[in-house]
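One structure is given below, encoded as structure tokens.
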Amino acid sequence: MEIAVCDDVKSNLKEIEAQLQLLDLTDNIYTFCDLDAFLFSIDGGKRYDVVFMDIEWNEKAVGIDIAAALYKLCPETKIIYVTGYVELSQQIFLNRANLSGFLTKPVDTALLRANLQKIADDLPYAPQPALVIKQKGAPISIPLRMIYFIESYGHTINVHTADETVTAYERLENIMRSLPVGFYKCHKSFIVNMNQIRRFLPRDILLKNDASVPVSRAKYAEAKEAYFKFMGQRF
């Protein structure tokens with residue numbers, strides 16, 4: 001699922017983002033501490049399956065107003081309100097705006113998962129793009145969103161996912177030709193999923209699971225340019 005988190009306190013954004021990253025229900029997470037930036041992304045054509053909306057912005061309950069405006073533009077988007085003030089619940093339910101959930105701070109991870117699972121169960125079925133490889137002659141389908149990076153040793157590849165490492169006999173060049181935009185060969189022996197990049201280090205790429213992937217010196221500048229171009233196309 002495509003998820004946006006809106007809160008004017010950066011520490012709250014980081015906390016919810018960290019909780020969401022632990023779940024297997026998210027494809028991409030976007031955080032906004034500025035409502036104008038969030039609305040700009042909507043105006044630019046970006047659509048979210050779920051929006052976590054803080055109610056209080058600079059001591060004003062504008063989150064509800066933004067949710068109401070969002071409902072007119074994107075009626076399919078589900079809203080989960082987040083607040084530290086339970087007293088506002090009555091105002092929330094009087095302004096539903098496609099309300100799907102209500103969480104209080106600090107957010108309980110179990111309740112967070114339950115809210116997202118309910119939404120995921122109601123979403124129209126859409127097949128997830130996957131990488132298909134053969135292991136001992138049997139085909140294995142690996143969802144692309146689960147892949148962090150792929151490394152090769154001769155004719156053997158290791159596909160590192162969020163849950164496991166899958167080994168198969170295949171050439172890295174053949175794998176790269178079968179992958180869509182979003183995967184980048186940053187080294188002669190490594191392919192990285194740019195959706196999983198956290199940041200660039202002097203000689204490596206740090207991923208969201210804290211693994212690091214080498215990037216060749218000759219391709220470092222090109223890799224950064226490709227990453228920022230890719231990220232720009234997502235908004």
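A few remarks follow.
- The residues listed here are ALA211, ALA126; of these, the one that is out of contact with any helix residue (DSSP H, G or I) (no Cβ under 7 Å at 6 or more places or on another chain), at pLDDT 90 or above and not basic (Lys, Arg) is ALA211.
- Residue check, ARG234 over 17 Å from the mean Cα position of the chain (by Cα) and either surrounded by 11 or more Cβ atoms within 10 Å (Cβ to Cβ) or modelled with pLDDT under 95 (or both): no
- The residues of the stretch 129-153 that are among the charged types (D, E, K, R), outside any loop (DSSP other than H, G, I, E, B) and closer than 13 Å to THR167 by Cβ, listed by number, are LYS134, GLU151.
- Qualifying positions in the stretch 40-60 - surrounded by 13 or more Cβ atoms within 10 Å (Cβ to Cβ) and in contact with a Phe, Trp or Tyr (Cβ under 9 Å, 6 or more places away or on another chain): PHE40, SER41, ILE42, LYS46, TYR48, VAL51, PHE52, MET53, ASP54, ILE55, GLU56
- Within the stretch 214-231, being part of a helix (DSSP H, G or I) and at pLDDT 90 or above holds for ARG217, ALA218, LYS219, TYR220, ALA221, GLU222, ALA223, LYS224, GLU225, ALA226, TYR227.
- Screening LEU39, LEU35, LEU22 for residues that are in the same structural domain as GLY101 (by TED's automatic domain parsing), within 25 Å of ILE142 (Cα to Cα) and modelled with pLDDT under 90 leaves exactly one candidate, LEU22.
- Within the stretch 36-85, considering residues that are in a strand (DSSP E or B) and basic (Lys, Arg), the one farthest from LEU111 (Cα to Cα): LYS60
The values are calculated or read from the model by the stated rules, or taken from the named source; none is laboratory data. Bear in mind the structure is a predicted one, so any value in this text is a computation, not a measurement. Glycine also receives a Cβ, built like all others from the backbone with ideal geometry; neighbour counts cover every protein chain displayed.
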